[in-house]
Amino acid sequence: MFLPCSCLPCWRFWHAKPAAKDSRRNLLRVPTGVLAFRARSLDSQAYTPKTRGPQDARQRKIIYLVRHAEAWHNVEEKAAETKALLSGGDAKAANLARRRALANPVFLDAPLSEIGTKQVMLTADHFANLLKGTHYQPPELVLVSPLERALQTATLLFPNHPRILAKEILREKRTGLPCDERKAVWELANNFPQVDFEDISKADVASGGGSWDFQAHLLETNADVAIRAKCALEKIYAESATSIAVVTHKGFLRELQTGPWARLLESNGQELPAVFKNAEVRVCEVEWIGDGEPRVHERLLQDATWRPLMTVEELSSPQASAYKRSTSWPKWEAFNTWPHCMSVGVSSEAAEGDAVEAAWKAMQDQLDGVCDFALVFGDSNLNGEAVAASLNKIRGTACVAGGSSSHGVLTSKGPGRLGVLGFRNMARHIHVGQASGAAGPGARVAGATAARAAVRRTMSSKSPDLLLLSVAPGCEDDVLQGIRDVCGDVPVLGGSSADNSVRDHYRPGSGWQLHGGPDGCGVLSDGVVIAAIWLAWDSHAACFLSQCYAEASNEGMITKADGRLLIEIDHRPAAEVLSEWSGFAFRPLVPYKLALEENGAVRIVQAKRILPNGVVECFGTVDLTRVTLMRAKASDTSGAAAELASKARQSVCFPVEGAAVFSSAVAMADLPDMTVLQHVLSRELPIFMCCFTLGQQGMHHGVALHDNSMTNIVVFG
């Protein structure tokens, strides 16, 4: 079974955009929408809740395009070109020298060079990382050109593959040069016994040997190769396999890119050069919707590993005008000349005072003016009180909100122990409220108290545009109810303060919540901090929420639960069932990720720990419903976050200057290297700070909710 997948960020998002200054009293309700992402690499028969309508007709194939590694004739032609150019020759002379070198009969069906063999082995490692880190599947079928360099590449890249088929139609352009002709099929079959040469044998018999013994009438132009590539595609499309590797040549791939696929490639593929490098692999998704022509999404192997493609499903729509791009804004390039209203600073200094001073100074140096509001998040191993004391010395009159983040923060400038996202003139009013007791039975009262403190400081009778939240984990649902009691359905976005327990084998830590206002900065350990923001008339904010799902194969029914305690699944002890599903031996600390089906949607709940009596304590409430154990991949976090940032930037009607990102600490723990997340986010967001929290809060159909394993973004401009 599949749940809407690895990177199904089930997208829930809302968008806040104040009206013009003279019409704020007529501000409409915040439009709300829900979208879902599914990883494109998964089988199309993904899990769909029974209450959902039928999916549209989509067919997909994953095609791994591979150019052979360096062969001996490539070495000699490069040497001849270089020698001609160094001797003062022009490009025409260099090309003539190259062809003279290739005319040497010794290069008939040239094998790989020593460097070429090493190239394939390196590519094999990278391809293994793709399969390990994403939900892309290994090729069910490998199709390969019958020239020796391609056969060597295929058998080294896919050793022991049960279905490697040599296809005459995939061979290099027939130039009449020895390097572009192949050996007889009997010789190839002896050298590569794991390859099926049936198609080649038929071609040799039909041509009377002409398929391997070159004749003048077999000479091809580029246009001929393009026609052959189109025929090859039709055969590939007709294959029943959903993932196919095609190992071929520079000329064939070039004519494929500029011929049959020229107008089908999505923008990312069109940005890639038509000429493949030796041993280069590109991950291509060919997608058909209905009976129309396919769309082709093409990415380099490394990009696909970091940011796998995802499918977007729109589950409910906001008002169309909410995301209509305004024509009154200048072009994106012009935005870079505006005064900066936000900037970020980050520090990895060990001492709290040094970290605060370095990060604040880096932020302030880039800001065109004095900071009036800052989000400050830091590693939970930092002493929160020392952080607050240091901020009191340096922040001036700026309001501050934030808290602890698992193992520090990630920013557009890199990772660090402490980060500061600063703002200037973003809002007419910003006020911070706080209350203790958010992790116990008084959580609802604490939420209401903090919300009341945040909104009562202003003379405005209007509700704030946005509430940013930092809360102690444990009773977030009650805290949100308390906030609703005071502020109604004002949009909320935030996270539960994290310690470092997720990556440190669940060793307990100490999270903290940071607040700062006219009365100074302070820290809570069981509290809630709310920053209430009334945006300036020319400032904009939009919030986007996503939830990542992973491939799943085990499911059951929750038959007994109490609040956040999962007691029984299918009338058996929950811990026993989860241990069977996961394959882990029973132990008290296993980070299970569970998907609960509720009203036709899916909600993710992260297991916290297994109690001595076998009851599973979770980070969110558990209901009597169907439950599935999720399996995460390393790409789930980076891929979902990148798609979320891309959708946020493309959807809003204002140029995005920066963003605050709240990501799951549990999902972050799956990343082998946080620089991958920095890389993909930096492509979409000019400035950002990402903190890692134990839970995330945001809006779902106009109601604030608490969930786990989410990635949430608020963009500003």
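Within 10 Å, count the other beta carbons around each residue, average over each peptide in 479-485, 192-198, and list them highest first.
479-485, 192-198
Pull up the cross-link candidates among the aspartates and glutamates for Lys361, meaning alpha carbon to alpha carbon under 18 Å and not fewer than 8 places away within one chain.
Glu349, Glu352, Asp372
Answer rounded, prolate or oblate for the stretch 422-487, using the Cα gyration tensor with square roots of eigenvalues a ≥ b ≥ c: rounded when a/c is under 1.5, else prolate when a/b is larger than b/c, else oblate. Could the numbers behind the result be given before it?
On the way: a/c = 2.52, a/b = 1.78, b/c = 1.41.
Prolate.
Go ahead and run the numbers for FRET between Asp199 and Val75, Cβ-Cβ distance against an R0 of 30 Å, rounding to 0.05.
Values: r = 30 Å, r/R0 = 1.00.
Efficiency, rounded to the nearest 0.05: 0.50.
First measure r as the distance between the Cβ atoms of Glu617 and Asp365, then evaluate 1/(1 + (r/R0)^6) with R0 = 51 Å and state the FRET efficiency to the nearest 0.05. Display every interim value, and only then the final one.
Values: r = 45 Å, r/R0 = 0.88.
Calculated transfer efficiency: 0.70.
With the Cα gyration tensor of the stretch 379-510 giving a ≥ b ≥ c as the square roots of its eigenvalues, does the rule (a/c under 1.5 for rounded; else a/b larger than b/c for prolate; else oblate) give rounded, prolate or oblate?
Here the stretch 379-510 falls in the oblate category.
When Rg is the radius of gyration of the Cα atoms in the stretch 349-401 and Rh is its Kirkwood radius, what does Rg/Rh come to? Don't skip to the answer; put the middle values down first.
Values: Rg = 10.7 Å, Rh = 11.3 Å.
In the stretch 349-401, Rg relative to Rh is 0.94.
With a Förster radius of 35 Å, plug the Cβ-Cβ distance of Glu349 and Arg263 into 1/(1 + (r/R0)^6) and report the FRET value to the nearest 0.05.
Working: r = 53 Å, r/R0 = 1.52.
Once the sixth-power term is evaluated, E becomes 0.10.
Give the residue from Ala93, Ala80, Met121 lying farthest towards the positive end of the charge dipole for the stretch 73-173; charges sit on Cβ (+1 for Lys and Arg, -1 for Asp and Glu) and the dipole is referred to the Cα centre.
Farthest along the dipole direction, towards plus: Ala93.
Using the C-alpha atoms of the stretch 88-136, what convex hull volume per residue, in cubic angstrom, is computed? Kindly include the intermediate steps, with their values, before the conclusion.
Details: hull volume 7.5 nm³, N = 49.
In the stretch 88-136, the Cα hull volume divided by residue count equals 152 Å³.
Stretched out fully, how many nm does the piece from Asp224 to Glu187 gain, at 0.36 nm a residue minus the Cα gap?
Details: separation 37, 0.36 × 37 = 13.32 nm, distance 2.75 nm.
Gain on extension, Asp224 to Glu187, equals 10.6 nm.
Once you place label points 7 Å from the Cα toward the Cβ at Ala128 and Glu598, how far apart are they in nm?
Rounded to a tenth, the inter-label distance reads 4.2 nm.
Using the heavy atoms of the protein chains alone and a 1.4 angstrom probe, what is the accessible area of the stretch 51-140 per residue in square angstrom?
Values: 4970 Å² over 90 residues.
That works out to 55 Å² for each residue.
Got the relative contact order for the stretch 369-500 handy, in percent, Cα pairs under 8 Å and 6 or more residues apart? List each step's numbers first, then the result.
Values: 231 pairs, mean separation 35.6, N = 132.
The value is 27 percent.
Just the accessible area for Thr242, please: 1.4 Å probe, Å², rounded to the nearest 10?
Rounded to the nearest 10, the figure is 70 Å².
Would you kindly calculate the translational diffusion coefficient of the stretch 228-276, applying Stokes-Einstein with the Kirkwood radius from alpha carbon pairs, for 25 °C and a viscosity of 0.890 mPa s, and quote it in µm² s⁻¹ without decimals? Before the final figure, lay out the partial values.
Values: Rh = 11.6 Å.
Roughly 211 µm²/s, to the nearest whole number.
Using the alpha-carbon centroid of each, what span in Å lies between the stretch 440-494 and the stretch 222-244?
58
Per the Kirkwood definition applied to all pairs of different Cα atoms, how many angstroms is the hydrodynamic radius of the stretch 341-436?
Working: mean 1/r = 0.0761 Å⁻¹.
Taking the inverse mean of 1/r over all distinct Cα pairs, the stretch 341-436 comes out at 13.1 Å.
Given the protein chains as shown and a 1.4 Å probe, how many square angstrom of Tyr237 are accessible, to the nearest 10?
60
Could you tell me the number of lysine pairs in the stretch 74-217 with C-alpha atoms less than 21 Å from each other, where the two lysines are 8 or more residues apart or belong to different chains?
The result is 10.
The values are calculated or read from the model by the stated rules, or taken from the named source; none is laboratory data. All values derive from a computational prediction rather than experimental measurement. We place every Cβ from the backbone using ideal geometry, glycine too, and count neighbours over all the protein chains shown. In case anyone asks, the SASA skips ligands and DNA or RNA and just uses the protein heavy atoms, side chains included. Shrake-Rupley method; radii C 1.70, N 1.55, O 1.52, S 1.80 Å.
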